[in-house]
Structure formats: structure tokens, C-alpha cells
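Below is one structure, written out as C-alpha cells; the observations come after it.
The values are calculated or read from the model by the stated rules, or taken from the named source; none is laboratory data. What you see is a predicted model, and the numbers here were worked out from it, not measured in a lab. When we count neighbours, we look across all protein chains shown, and the Cβ atoms used for this are built from the backbone with ideal geometry, even at glycine. To get the accessible areas, we keep the full protein, side chains included, count just its heavy atoms, and leave off ligands, DNA and RNA. Shrake-Rupley method; radii C 1.70, N 1.55, O 1.52, S 1.80 Å.
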Amino acid sequence: MNAYITATGAHLPGPPINNDEIENVLGLVDGKPSRLKKRILKANGIKTRHYALNGGHETTDSVPGMGAKAAHQALSASHVDTHDIRMLSCATTQGDFVAPGFASLMQAELGIPRVEIHTTHGICSSSLMAVKAAANTIRLGEQPNALVVASELASRLFKHTRYEAAGGGKVIDFNAEFLRWMLSDGAGALLVESTPSKRSARIDWIRSFSHADAYPLCMSIGGTRDNDDARTWQDFPTYAEAEAAGALLIRQDVKLLDDVVKMGIDGALRLIDEGAFNPATLDHMLCHYSSHHFRSKIFEMLDVAGASIAEHKWYTNLYERGNTGCASIFIMLDEFLRTHDLEPGETILCMVPESGRFNTAYMHLTMVENP
């Protein structure tokens with residue numbers, strides 16, 4: 001039995017925010033404009049992004065709320081009603097609650113009765129892991145359909161008050177400020193079924209390779225500066241002390257980012273060697289590179305390895321939609337399928353490198369029509 005993506009949806013909260021407007025929403029740290037913002041934005045190439053946060057630092061939506069909007073958009077384009085969903089597989093980096101799992105909160109938000117739920121926890125690649133759980137459940141014949149939702153609300157971590165509480169008047173380190181100019185909010189949803197609809201993408205395979213055994217933390221929340229303290233945020237006497245130590249800031253060890261790209265290409269080459277796909281005959285490539293800075297590096301590495309994929313086959317909406325973490329690949333796939341008139345037989349490779357601790361996920365799709 002096969003599994004097919006039969007409908008997609010996406011939601012981006014609020015109006016698009018350009019680079020000059022970011023600090024109007026997130027705020028000036030200690031009343032001073034950032035010294036790093038222009039440098040980081042020039043490298044990542046993002047021009048606009050969306051925040052579920054207004055200028056008064058009030059949250060305008062929730063993680064499941066955005067997910068529900070994306071899910072309703074997907075279902076509105078299908079023959080499936082909310083009450084007909086049999087599996088709900090969900091992903092987020094950090095939901096509104098530490099517990100319970102995100103899928104439980106999504107079920108309540110959508111009002112789906114008697115549904116099997118599944119939550120994947122991670123960072124960017126967790127969305128494809130949620131798709132894999134859904135597709136495998138359908139292939140086993142246990143369920144006829146699954147709704148897969150990925151939603152991210154990172155902006156709450158970037159309020160100027162967060163940095164002021166952690167800085168104590170000191171300059172915030174680069175690794176803690178870096179992601180403030182990288183991440184934004186949004187949600188995406190996929191409907192996966194056992195039979196194709198009029199225009200569907202067959203899920204041929206989903207694979208991933210993790211290198212957590214060989215690399216240190218690259219992106220994390222909960223540790224102190226550079227993770228040089230054995231304590232996590234839960235080990236401090238009070239949450240206030242954890243915040244003052246910077247343990248509640250989201251951090252990126254930028255020195256390791258080139259290695260994330262290398263490991264992502266390494267996994268792609270392994271799949272090529274296994275015969276999973278042929279770069280010469282692949283029709284479309286959707287890669288969630290988090291910054292324009294990495295685009296040329298990916299092209300160069302593939303070219304050196306003799307596995308280049310022609311540049312016209314690559315698609316991204318990073319520059320207009322922003323980096324929405326695990327929701328990015330769903331938002332990208334939704335826009336790609338809506339704006340491209342694809343023929344049966346055309347193939348798509350989705351690639352999602354994750355910098356948390358070096359995991360990269362890949363999904364291969366083939367367009368089909370309902371026979």
C-alpha cells in the first residue's frame with residue numbers, strides 16, 4: 001500500500017515584516033539597536049518574515065492555533081472532513097506547553113474525536129519525521145489517512161526583555177543573538193491518504209541520518225552560554241536564576257554550521273549511492289537551507305562530488321516567508337505545489353538539514369494522478 005500527499009495548507013501570521021521593522025516588533029535590547037543585525041541579515045538573505053507577536057509584545061496566536069489554520073486550509077482543498085481524520089501526527093520545536101505533547105493540543109484545537117496521535121520532538125527535521133510516522137501507519141493499513149501539522153512560534157523567545165534579563169547590562173554573546181535575526185513564525189499542514197486524489201504526490205521514501213554521536217550541540221534551548229556549564233535550566237534553584245544565566249535563550253554555535261551542511265550533503269550522497277534517487281533525472285529540489293549563505297556551499301559540494309543538481313530545479317521561499325523551523329518544508333511544499341503545474345511522473349526531493357545535533361531528513365515524492 002502507498003501513501004500520498006493529497007492536500008497541503010500553510011499559515012503565516014500577521015503582515016510581512018521587513019528588515020527595517022524587526023526591532024519595532026521584537027524591541028531594542030537595553031534601548032540600543034543591534035550591532036549584528038545587518039551582518040546576519042545580509043548573510044541569510046531573508047527580506048520579509050511573519051511574527052505572531054505585535055509591537056506590544058502580545059502574542060497574537062498560539063502554536064496549535066496557527067497549526068489549525070494551516071490544517072483547515074489543507075482540508076478545505078480535499079474531500080476529507082475534520083471528523084474523518086484517523087491519525088494526527090504533529091511537530092514543533094517548542095510548543096505553548098512543556099507538556100503534554102503537541103499532538104494532544106492540536107487535537108483539542110481542531111476538535112477531532114477518537115484519533116490516533118503522534119508527536120515528534122526535535123527542531124527542523126521533526127516535521128519530516130512526523131510525515132514518516134503517518135506514511136508508515138497508512139502503509140501498514142492501520143489507518144486510511146493522517147493529518148500532519150508542523151507549527152513554530154519562535155518570536156516569543158526574541159523579545160528584548162528576554163535578553164535584558166539574561167544580560168544584566170552585559171552585551172549578549174553572538175551565539176545567543178544570531179537566531180534573533182534568523183527565525184520567524186508559521187505553520188504548515190499535509191493531508192496524507194492511502195489513495196491519491198486528482199493531483200497527489202506519492203511518498204516514495206523518507207530517510208534520515210543523525211550524527212549526534214560525533215558532534216556537540218549546535219542549536220539548543222536550556223543550557224548556559226556555550227553549554228560550558230553541566231547544569232540545564234531545570235537544575236537552577238529558581239527559574240529566575242536560570243534566566244539570568246542565559247539558560248532560557250535559544251543558541252546557535254555558528255562555528256559548527258558548515259559541518260551541518262557537510263553532513264547534509266554526505267547523507268544525500270549516501271542515498272545516491274544506494275540508488276534511492278538520481279540527481280541527473282530529479283525534476284525538483286526543495287531544500288530547507290536556513291540561510292542564503294549556505295546555498296552556494298551546497299551547490300559547490302554537490303558539484304565536487306559529481307552529483308550536481310541543476311540550479312533551475314531548486315525552489316525556496318526562504319527570502320519572502322522566512323525561516324520557520326520545522327514548518328518551513330511544509331510551507332515551502334504548499335507554495336510550490338500551488339504555483340507549479342506539475343505533470344504525473346515528475347519527482348521532488350525535499351531535504352531538511354537540522355542543526356540541533358546534526359540530523360538531516362530527506363523525502364522523495366513522485367506526482368501521480370487518480371486512475
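Met367 meets each of the listed conditions (1) open to solvent by 20 Å² or more (accessible area, probe 1.4 Å); (2) under 30 Å from Pro13 (Cα atoms) apart from (1). Condition check for Asp258 on (1) modelled with pLDDT under 95; (2) surrounded by 15 or more Cβ atoms within 10 Å (Cβ to Cβ); (3) in contact with a Lys or Arg (Cβ under 8 Å, 6 or more places away or on another chain): one failure, at (2).
Assess whether Glu142 counts as being among the acidic types (Asp, Glu), assigned to a helix (DSSP H, G or I) and open to solvent by 20 Å² or more (accessible area, probe 1.4 Å).
Numbers: among the acidic types (Asp, Glu): yes; assigned to a helix (DSSP H, G or I): no; open to solvent by 20 Å² or more (accessible area, probe 1.4 Å): yes.
Answer is no for this residue.
Taking the stretch 1-48 as the range and being under 18 Å from Asp185 (Cα atoms), among the charged types (D, E, K, R) and out of contact with any Phe, Trp or Tyr (no Cβ under 9 Å at 6 or more places or on another chain) as the test, the residues that pass are Asp20, Glu21, Glu23.
Scanning the stretch 291-317 for residues that are in contact with a helix residue (DSSP H, G or I) (Cβ under 7 Å, 6 or more places away or on another chain), part of a loop (DSSP other than H, G, I, E, B) and either open to solvent by 10 Å² or more (accessible area, probe 1.4 Å) or touching a residue at least 24 places away in the same chain (Cβ under 8 Å) (or both) turns up Ser291, Ala305, Ala307, Ser308, Ile309, Thr316. Scanning the stretch 263-283 for residues that are open to solvent by 60 Å² or more (accessible area, probe 1.4 Å), of a type outside the set (Asp, Glu) and part of a helix (DSSP H, G or I) yields one hit, Arg270. The number of residues in the stretch 103-112 being outside any helix (DSSP H, G or I) and surrounded by 19 or more Cβ atoms within 10 Å (Cβ to Cβ) comes to 1. Evaluating Trp205 against the criteria (1) crowded, with 17+ Cβ neighbours inside 10 Å; (2) modelled with pLDDT of 90 or more leaves one unmet condition, (1). Applying the criterion of at least 3 residues that are touching an Asp or Glu at 6+ places or on another chain (Cβ under 6 Å) and open to solvent by less than 70 Å² (accessible area, probe 1.4 Å) to the helices (runs of 4 or more DSSP H) found wholly in the stretch 1-102 leaves 63-76. Here Val148, Val131 are screened, and the one residue that is part of a strand (DSSP E or B), β-branched (Val, Ile, Thr) and surrounded by 23 or more Cβ atoms within 10 Å (Cβ to Cβ) is Val148.
On the given criteria, is Glu320 touching a residue at least 60 places away in the same chain (Cβ under 8 Å) and not β-branched (Val, Ile, Thr)? First the steps, then the outcome.
Working: touching a residue at least 60 places away in the same chain (Cβ under 8 Å): yes; not β-branched (Val, Ile, Thr): yes.
When the stated conditions are applied, Glu320 passes them.
Residue under question is Ala214, and the condition is that it be hydrophobic (A, V, I, L, M, F, W, C) and open to solvent by 60 Å² or more (accessible area, probe 1.4 Å); does it hold? Yes; evaluated as a whole, the condition is true for this residue.
Using beta carbons and a limit of 6 Å, which pairs, at least six apart or on different chains, have the first residue in the stretch 1-21 and of a type in the set (S, T, N, Q) and the second one open to solvent by 40 Å² or more (accessible area, probe 1.4 Å)? If the second residue must be open to solvent by 40 Å² or more (accessible area, probe 1.4 Å), the pairs left are Asn2/Arg202. Across the stretch 152-173, the number of residues qualifying as hydrophobic (A, V, I, L, M, F, W, C), in a helix (DSSP H, G or I) and surrounded by fewer than 16 Cβ atoms within 10 Å (Cβ to Cβ) comes to 1. Report yes if some residue within the stretch 336-353 is open to solvent by less than 30 Å² (accessible area, probe 1.4 Å), in a helix (DSSP H, G or I) and at pLDDT 95 or above; otherwise report no. Scanning the stretch 336-353 turns up at least one residue that is open to solvent by less than 30 Å² (accessible area, probe 1.4 Å), in a helix (DSSP H, G or I) and at pLDDT 95 or above.
Quickly run through the stretch 307-357 and pick out the residues that are of a type in the set (Lys, Arg) and under 26 Å from Leu269 (Cβ atoms). If you could, list the steps in order and put the result at the bottom.
Our first condition is that a residue be of a type in the set (Lys, Arg); within the stretch 307-357, this holds for 313, 321, 338, 357.
Within the stretch 307-357, Lys313, Arg357 meet the criteria.
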